[in-house]
Amino acid sequence: MNTVELVAKTASEQRKALLNKEITAVELTEAVYKNIEARDEKIGAYNSLTKELALDTAKKVDEKIMKGEELPPLAGIPLALKDNINLKNSYTTAASKILSNFVSPYDATVSKKLKENLIPVIGKANMDEFAMGSSTENSAVKITRNPWNLKKVPGGSSGGSAAAVAAGEATISLGSETGGSVRLPASFCGLVGLKPTYGRVSRYGLIAFASSLDQIGPMGRNVEDTALLLQAIAGHDPNDSTSLPAPVDDYTKNLKKDLKGIKIGYIKELCSDGLQEEVSREVQKAIQTYKELGAEVIEISLPLVKYAVSVYYVVATAEASSNLARFDGVKYGFRAKDADNLYDMYVKTRAQGFGDEVKRRIMLGTYALSSGYYDAYYKKAQQVRRLIKNDFDNAFKKVDVLLSPTCPYTAFDLGSKIDDPLSMYLTDIATITANLAGIPAMNIPVGLDKSGMPIGIQLQADCLQESKMFNVAFKLEEIVQFDYSTPSKILV
């Protein structure tokens, strides 16, 4: 197998080649950079590259292999890191003008864990500004394109992280989720993508959007790679007060376990009206496959799902309004020139530094939190959020895993929704409930629509039940045999 072919393989296949000394970690890393040089002008997956760090990590892996030392499961496997996760001495911009030249002085906890696991970080992946968007068209740096079709969006906000893996510009990646920002790009780009249980992965060093919803999550070409990456980054962190002190499971241990006795509930409200025809077809095929695998499949109703978008866009924007107040031109980042006084400097800095979508959400959130409106909007939204969580709690008394589409449709054309915020917001209708409820959820690619774009199925489980969800996903993946390598063939 040549280097070009190997770059497009799974992490497990690359690890085998490394241990068999068919290729060195340095050669694998350099092959990824060659792909970036050849392809990324078209794709726009990366905002900046960290080549020196990546090659240094790869050299350490090669030294350990030569000495016969034991390696972590993902050592030497190239990774793309979303540009809102701090990596010491690298640019961390959140794809915003207001942080355009910010160099991180410290490592996020997940970045520290990547280094400990000897995972080469290839670069910082493009995203919607401050993770606010579903298409990666809101970046102040560039627009990212879907490697399956350069006229389509890659999803958002972790579009760069997904596009990098799909295009062979990384093998695995980390994104962040506030309302579907890992699962949606994974669905649009034909990858496995996971939002862990809230608190399962430390948020320390992640630039905050909405603190009660945010969670860092892994993406990979198959379930096993994604499980191994979660294994590497999960765990309690005293630097994050919301980090869970629960032990980390061996997420690959039960992947091949049969599904007899497993109960799967398909969500009535998300599996019926308004779905693209091919998406509906793949949902029905998945339901049938699970029955054939021995699982019991029943219909589950989550009646409050219809309120999720409204609740989310009050809670998320309110928290964003608070979190983004720190970007004022005083302590770090962009500062507007020619200000008459301190107040004028604040106003000009934020007006020039933030993009339209970020300003829109700050204004929405500030309004929801303002005197006289707090009870009517933010407090009410939190109350309905609790009821949505109750719906899930009741559902998990009846089933082990919930099934639905990840998105009602496949990747849409660039520019088709950017001027219609409501239409863009509804893209996340199936994903945002998991963030509101704090439960784990993942995308599995299962097929293609008539235009050749990937279709994703979503699985959701109860808190800290990622292992069970991985098992259910793996068994479907075995049957589907999705060809994740298509974009690499298109882009050659």
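Within region 335-344, the set of residues being open to solvent by 20 Å² or more (accessible area, probe 1.4 Å) and of a type outside the set (Ser, Thr, Tyr) comprises Arg335, Lys337, Asp338, Ala339, Asp340, Asn341, Leu342, Asp344. The residue of region 1-19 that is surrounded by the fewest Cβ atoms within 10 Å (Cβ to Cβ), among those that are of a type in the set (S, T, N, Q) and at pLDDT below 95, is Asn2.
Checked against the criteria, Tyr373 does not count as open to solvent by 20 Å² or more (accessible area, probe 1.4 Å), under 30 Å from Ala295 (Cβ atoms) and outside any helix (DSSP H, G or I). Of all the residues in region 273-320, those that are aromatic (Phe, Trp, Tyr) and farther than 30 Å from Ser212 by Cβ number 1.
Within region 1-18, residues that are more than 20 Å from Ile490 (Cβ to Cβ) sit with their Cβ atoms under 7 Å from residues that are of a type in the set (Ser, Thr, Tyr) and crowded, with 19+ Cβ neighbours inside 10 Å, at 6+ positions apart or across chains, in these pairs: Ala11/Thr171; Gln14/Thr171. Report yes if Val32 is touching a residue at least 12 places away in the same chain (Cβ under 8 Å), in contact with a Pro (Cβ under 6 Å, 6 or more places away or on another chain), of a type outside the set (S, T, N, Q) and not in a loop (DSSP other than H, G, I, E, B), otherwise no. Considered against the rule, which asks whether it is touching a residue at least 12 places away in the same chain (Cβ under 8 Å), in contact with a Pro (Cβ under 6 Å, 6 or more places away or on another chain), of a type outside the set (S, T, N, Q) and not in a loop (DSSP other than H, G, I, E, B), Val32 comes out as yes.
Looking for whichever is open to solvent by 60 Å² or more (accessible area, probe 1.4 Å) and under 30 Å from Leu259 (Cα atoms) here; the options are Asn394, Asn443. Which one fits? Going through Asn394, Asn443 in turn, the sole match is Asn394. Criterion applied to Ile264, Ile216, Ile233, Ile298 was being in contact with a strand residue (DSSP E or B) (Cβ under 6 Å, 6 or more places away or on another chain) and within 29 Å of Lys380 (Cα to Cα), and the one residue passing it is Ile216.
Residue count for region 73-108, restricted to those that are farther than 19 Å from Asp40 by Cα, open to solvent by 20 Å² or more (accessible area, probe 1.4 Å) and out of contact with any Gly (no Cβ under 6 Å at 6 or more places or on another chain): 9. Within the set Ser212, Ser173, Ser202, Ser187, the sole residue that is open to solvent by 10 Å² or more (accessible area, probe 1.4 Å) and at pLDDT 95 or above turns out to be Ser212.
Checking each residue in region 174-209 for being small (Gly, Ala, Ser) and more than 22 Å from Ala461 (Cα to Cα) picks out Gly205, Ala208. Of the candidates Ile65, Ile36, Ile23, the single residue that is β-branched (Val, Ile, Thr) and surrounded by 22 or more Cβ atoms within 10 Å (Cβ to Cβ) is Ile36.
Mind checking which residues of region 318-327 are open to solvent by 20 Å² or more (accessible area, probe 1.4 Å) and either part of a loop (DSSP other than H, G, I, E, B) or free of Cβ contacts under 8 Å to residues at least 40 places away in the same chain (or both)? Matches in region 318-327: Ala325, Arg326.
Taking Val314, is it hydrophobic (A, V, I, L, M, F, W, C) and either in contact with a strand residue (DSSP E or B) (Cβ under 7 Å, 6 or more places away or on another chain) or open to solvent by 70 Å² or more (accessible area, probe 1.4 Å) (or both)? For Val314, the condition - hydrophobic (A, V, I, L, M, F, W, C) and either in contact with a strand residue (DSSP E or B) (Cβ under 7 Å, 6 or more places away or on another chain) or open to solvent by 70 Å² or more (accessible area, probe 1.4 Å) (or both) - is not met. The residue pairs whose first member lies in region 181-208 and is part of a loop (DSSP other than H, G, I, E, B), whose second member is among the aromatic types (Phe, Trp, Tyr), and whose beta carbons are closer than 8 Å, counting only pairs six or more residues apart or on different chains, are Gly190/Trp148; Gly190/Phe482; Gly190/Tyr484; Leu191/Tyr484; Gly205/Tyr106; Ile207/Phe130. As a summary of the residue check, Gln458 satisfies the conditions (1) open to solvent by 40 Å² or more (accessible area, probe 1.4 Å); (2) within 15 Å of Leu184 (Cβ to Cβ); (3) touching a strand residue (DSSP E or B) at 6+ places or on another chain (Cβ under 9 Å) except for the one numbered (1). Among the residues of region 212-230, write down those that are under 16 Å from the mean Cα position of the chain (by Cα) and either among the aliphatic types (A, V, I, L, M) or farther than 18 Å from Ser181 by Cβ (or both). If the condition is that a residue be under 16 Å from the mean Cα position of the chain (by Cα) and either among the aliphatic types (A, V, I, L, M) or farther than 18 Å from Ser181 by Cβ (or both), then Leu213, Ile216, Met219, Arg221, Asn222, Val223, Asp225, Ala227, Leu228, Leu229, Leu230 are the ones that fit. Here is the figure for region 72-85: residues that are within 24 Å of Val26 (Cα to Cα) and assigned to a loop (DSSP other than H, G, I, E, B) total 8. Pairs are defined by a Cβ separation below 9 Å, a sequence spacing of at least 6 or placement on different chains, a first member in region 133-154 that is free of Cβ contacts under 8 Å to residues at least 12 places away in the same chain, and a second member that is among the small types (Gly, Ala, Ser) and open to solvent by 60 Å² or more (accessible area, probe 1.4 Å); no pair meets this definition.
The values are calculated or read from the model by the stated rules, or taken from the named source; none is laboratory data. Note that the coordinates shown come from a computational prediction; the quantities given were computed from them, not determined experimentally. Backbone-built Cβ (ideal geometry, glycine too); neighbour counts: all protein chains shown. SASA here: full protein model, heavy atoms, side chains in, ligands and nucleic acids out. Shrake-Rupley method; radii C 1.70, N 1.55, O 1.52, S 1.80 Å.
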